[in-house]
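Heads up, the thing below is written out as structure tokens.
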Amino acid sequence: MDYDVLVIGAGPGGYHAAIRAAQLGLKVACAEMGNVGGVCLNIGCIPTKALLHAGEEIRASKHAADFGLTFGEMKLDIAKLNGWKDGIVKRLTGGVGSLFKANKVTHLVGQATFLDAHTVQVGDKRVTASNIIVATGSESAALPPFPVDQQRIVDSTGALVVPDPVPARMLAIGAGAIGLEFAQVYNNLGSKVKVIEFAPQVVPAADADAAKELAKVLRKQGIVIETGTKANGYTEKNGELHVELEDVKTGEKRVEVFDRVLVAVGRRPRSGGLGLDVAGVQTTDRGFITVDKEMRTTVPHIFAIGDVVGNPMLAHKAMKEGLVAAEVIAGKKSAMDVVAIPAVVYTTPELAWVGLTEAEAKAKGYNVKTGNFPLSASGRAMTLGDTDGFVKMIADADTDLLLGAHIVAPHASDFLAEVGLGLEMAATVTDISLTIHAHPTLSESILEAAENVHKQAIHIM
Ligand code: FAD
């Protein structure tokens, strides 16, 4: 065999797998048909956060008038903005290349296709490996009445290139993380943005109260959000997009006019065209590769990780699965046996959660107790001038066990981590209450929410 391990795909899942396998002494190659770093570094997590930050600076600069700081007229150099974002992507993807070199991971360039269960064609090379890890990720799901041309009708990749001038009126179809993040970017850059969502709440996977709170704050910022609404199609007239919108409940239809439409209705696994059938690897009806807790597919020496194996389609889940697959191949005891995977919408404020929603906890039969703490009572939030949001803690009233937390707050993703650790360590709400949190911090809101589960929060009347 040419290699102990061949990883197909150098996204966050694939590159973590390749590096960990090499660290454990295995001879590793990683095949990539695009840029190393995958969706996350090139057209996902990183460039969206760069644009969100730029937009947030605009919002914050306007906000600064509240404490007596005003700036001159804003000038937006869109070419520079796009270039700055691209520069960050380049730095990070270059970093992955350097990590491959430092760890002696061979980077194979080209599209990989299975020829048999141990042989893969990569570009014009034929490669054999004792173990193979499929980490081919996902791509935007299509919405047939809105074929993407990356000009007027864009998916997340098209939306990453900010046009000059910014579209005057933009419609985002889908109020998941991607739809809402871009809605805020373009809203801050000066577009009039409407977001529609088929489901009755934004971010359908999130806790209902948290989703409601985020929608309330985003509306306050000027983004129009309509849930229970679908887009049926559009016609183009004089360069404008006349979109038919429909109320899902009443069936009432209307036409509204936009300059750009973002289709953000989810992602589908990239498992086709890989020759998985030739290798004997099974997929579900929806194209996800079937794996066990060791990330092993139906063929014992072929593993699969990341978006291609299913939800949640998140970079940190892909990374963890990559480490597990590499460790199992190296003979270590390792498994994807996590209690909870954090999820974040990186708007300002962020919506971040980990563990069970209130509805999920009830459905599981817990005697649920909740504790809320509004940011309006947080001294730190006041000093930041951002008091919209809250922390909602979910607990089991019978055992005091921590079950989850849902935060709408600036930087929520950063201070959510303590709840993740608490869940992994089976912490009780009292464990959180007994922990001294620095003052003044936003993370004190976690402490107060925990205290409020026992109706003992100091700053709540
Ligand atoms: P991918 O990152 O999709 O990488 C797969 C790689 O495999 C690609 O580079 C592809 O070129 C390569 N490949 C595919 N087929 C072949 C083949 N046959 N041969 C060779 N190479 C192949 N997640 C978060 O956790 N946080 C975020 O903030 C976040 N923001 C996002 C924003 C956007 C706009 C999008 C679209 C996604 C975002 N995600 C975010 C999701 C995140 O990007 C994915 O969950 C993550 O990239 C999945 O990693 P992966 O390794 O499974 O696959």
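The values are calculated or read from the model by the stated rules, or taken from the named source; none is laboratory data. Everything numeric here is computed off the predicted structure, so don't read it as measured data. A quick note on method: Cβ atoms are made from the backbone with ideal geometry, for glycine too, and the neighbour counts reach across all protein chains shown.
Key figures
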item	result
Residues located in region 173-190, provided they are crowded, with 24+ Cβ neighbours inside 10 Å and in a loop (DSSP other than H, G, I, E, B)	GLY174, ALA175
Among (1) near the ligand (Cβ under 9 Å from one of its atoms); (2) in a helix (DSSP H, G or I), the one test that LYS62 misses	(1)
Condition check for GLY83: in a helix (DSSP H, G or I), of a type in the set (Gly, Ala, Ser) and within 15 Å of the ligand (Cβ to nearest atom)	no
Hits in region 306-339 (condition: of a type in the set (Gly, Ala, Ser) and within 16 Å of the ligand (Cβ to nearest atom))	GLY306, GLY310, ALA315, ALA318, GLY322, ALA325, ALA326
Tally, over region 344-367, of residues that are surrounded by fewer than 19 Cβ atoms within 10 Å (Cβ to Cβ) and polar (S, T, N, Q)	1
Flag if GLY365 is in a helix (DSSP H, G or I) and either more than 30 Å from TYR234 (Cβ to Cβ) or not acidic (Asp, Glu) (or both)	no
Residues located in region 428-451, provided they are crowded, with 19+ Cβ neighbours inside 10 Å and over 17 Å from LEU375 (Cα atoms)	VAL429, ILE432, SER433
Members of region 324-345 found to be in a loop (DSSP other than H, G, I, E, B), in contact with a strand residue (DSSP E or B) (Cβ under 9 Å, 6 or more places away or on another chain) and touching a residue at least 60 places away in the same chain (Cβ under 8 Å), listed by number	ALA330, VAL339, ALA340, PRO342
Residue count, region 19-45 (criterion: touching a Leu at 6+ places or on another chain (Cβ under 7 Å), near the ligand (Cβ under 8 Å from one of its atoms) and closer than 18 Å to ALA315 by Cα)	3
Number of positions in region 118-138 that are surrounded by fewer than 22 Cβ atoms within 10 Å (Cβ to Cβ) and near the ligand (Cβ under 10 Å from one of its atoms)	3
Residue count, region 164-200 (criterion: among the acidic types (Asp, Glu) and under 16 Å from VAL345 (Cβ atoms))	2
Test: residue in region 283-295 that is in the same structural domain as VAL28 (by the TED database) and under 17 Å from the mean Cα position of the chain (by Cα)	no
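Yes/no matrix, rows are residues, columns are (1) touching a Phe, Trp or Tyr at 6+ places or on another chain (Cβ under 7 Å); (2) assigned to a helix (DSSP H, G or I); (3) without any contact (Cβ under 8 Å) to a residue 24 or more places away in the chain:
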residue: THR387; (1), (2), (3): no, no, yes
residue: MET393; (1), (2), (3): no, no, no
residue: ASP398; (1), (2), (3): no, no, no
residue: ALA405; (1), (2), (3): yes, no, no
residue: GLY422; (1), (2), (3): no, yes, yes
residue: THR430; (1), (2), (3): no, yes, no
residue: PRO440; (1), (2), (3): no, no, no
residue: GLU448; (1), (2), (3): yes, yes, no
residue: GLU451; (1), (2), (3): no, yes, no
